[in-house]
Amino acid sequence: MTANILFAATANRWAEYETPLSEALREAGVAFDLRTDFPPDEVDYIVYAPNSEVQDFKPYTRLKAVLNLWAGVEDVVFNPTLSVPLARMVDHGLTQGMVEWVTGHVLRHHLGMDAHILGQDGQWRTEVPPLAQDRRVTILGLGELGRACADSLARLGFPVSGWSRSAKSLPDVTTYHGDDGLAEALSRADILVLLLPDTPDTTDLVNADRLAQMPEGAVLINPGRGTLIDDTALIEALDSGRLGHATLDVFRTEPLLPVHPFWAHPKVTVTPHIASATRADSASRVIAENVRRGEAGEPLLHLVNRDLGY
Ligand code: NDP
């Protein structure tokens, strides 16, 4: 049987993925027809990206699975017309990119690099930063990305704490979970990294009360999702000096509007949702493997829990 695969994403993505995805499907030994349009009742799999034209899955009567190109699934996970399994992206390139971005931004703040990069003003500043062992980092979210970042930072010598919904045990990481563990994890966050998904339970998680539980002058780094933070509380905490800096990669509205106060705030660094990206070569192999599994009747990889929303 030929698997009919609808690529439901922008023309730019299609240009990026058509060749590597076709090659990966061939390598996986799948008989396939990959296209950007099909009559809905002939489609077996949808490769899905945010803002896809496909919003109503009901006409896709023989659909077997939706394979999300991104790690975050908030655009599709609660779609009431979706009744087949939803898999998300877990990709080596995506994980490695996030490790590099998070490690780089943690080191920027830890080493106080801005003082020298921005402050070439003739003053001989001799303040030496502490060692990593004296700077505590907390990561909220210990999934594929949070775990890899925790591991990288722990290897550099940072005392790393992590927080997740369920209990975890990770080498060289102090772990907390559930509502009770959050205050303790925040109290140890000289630098806080957010790698949680956007779900009803995580919306506005980092609010004024939670910011007040962090050490005075702490740094917040958010490559997770914009909805995790109460923006008004964040700006108040930066203005009052409670927080030292915020590096933000994700926002409630993207692109961030040119008039948004984050752009001009002296204690905010904005990056345009580039912390990490799905890489076409490695991501195509993940999609192809899931199609192979689907056709062989094997369980799909990286299935989303549609009750929890991630
Ligand atoms: P995972 O699903 O693998 O991990 C999510 C983690 O968050 C898990 O540890 C989970 O806990 C935890 N979590 C979820 N809900 C709660 C909650 N209510 N309370 C406490 N912990 C919770 O996701 P990934 O690591 O792959 O990705 C994380 C997020 O990173 C994505 O959802 C996406 O939003 C963002 N992202 C951003 C990118 C960028 O370029 N800026 C690129 C890629 C992803 P548990 O382990 O117990 O399930």
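Table for the structure above
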read-out	value
Selection count where residues are more than 12 Å from the ligand (Cβ to nearest atom), crowded, with 21+ Cβ neighbours inside 10 Å, among the β-branched types (Val, Ile, Thr) and not assigned by TED's automatic domain parsing to the domain that holds VAL137, scope region 69-111	1
Odd one out for LEU21 among (1) open to solvent by 10 Å² or more (accessible area, probe 1.4 Å); (2) in contact with a strand residue (DSSP E or B) (Cβ under 9 Å, 6 or more places away or on another chain)	(1)
Pair list, Cβ < 6 Å and 6+ apart or interchain, from region 193-211 residues that are touching a residue at least 60 places away in the same chain (Cβ under 8 Å) to residues that are part of a loop (DSSP other than H, G, I, E, B) and of a type in the set (Ser, Thr, Tyr)	PRO197/TYR310; THR199/TYR310
Qualifying positions in region 55-68 - open to solvent by 30 Å² or more (accessible area, probe 1.4 Å) and touching a Ser or Thr at 6+ places or on another chain (Cβ under 7 Å)	ASP56, LYS58
Output for region 213-243, where each listed residue is closer than 13 Å to ALA189 by Cα and either part of a helix (DSSP H, G or I) or out of contact with any helix residue (DSSP H, G or I) (no Cβ under 8 Å at 6 or more places or on another chain) (or both)	GLU216, GLY217, ALA218
Pair list, Cβ under 8 Å, 6 or more apart: region 269-291 residue farther than 30 Å from MET113 by Cα and touching a residue at least 60 places away in the same chain (Cβ under 8 Å), other residue among the acidic types (Asp, Glu) and open to solvent by less than 10 Å² (accessible area, probe 1.4 Å)	SER282/ASP91; ALA283/ASP91; VAL286/ASP91
Single condition LEU303 does not satisfy, out of (1) in contact (Cβ under 8 Å) with a residue 60 or more places away in the chain; (2) open to solvent by 70 Å² or more (accessible area, probe 1.4 Å); (3) of a type in the set (A, V, I, L, M); (4) more than 16 Å from the ligand (Cβ to nearest atom)	(4)
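The values are calculated or read from the model by the stated rules, or taken from the named source; none is laboratory data. All values derive from a computational prediction rather than experimental measurement. Glycine gets a Cβ as well: all are built from the backbone with ideal geometry, and neighbour counts include every protein chain shown. Each accessible area value is taken on the protein alone, full model and side chains, heavy atoms only, with ligands, DNA and RNA left out. Shrake-Rupley method; radii C 1.70, N 1.55, O 1.52, S 1.80 Å.
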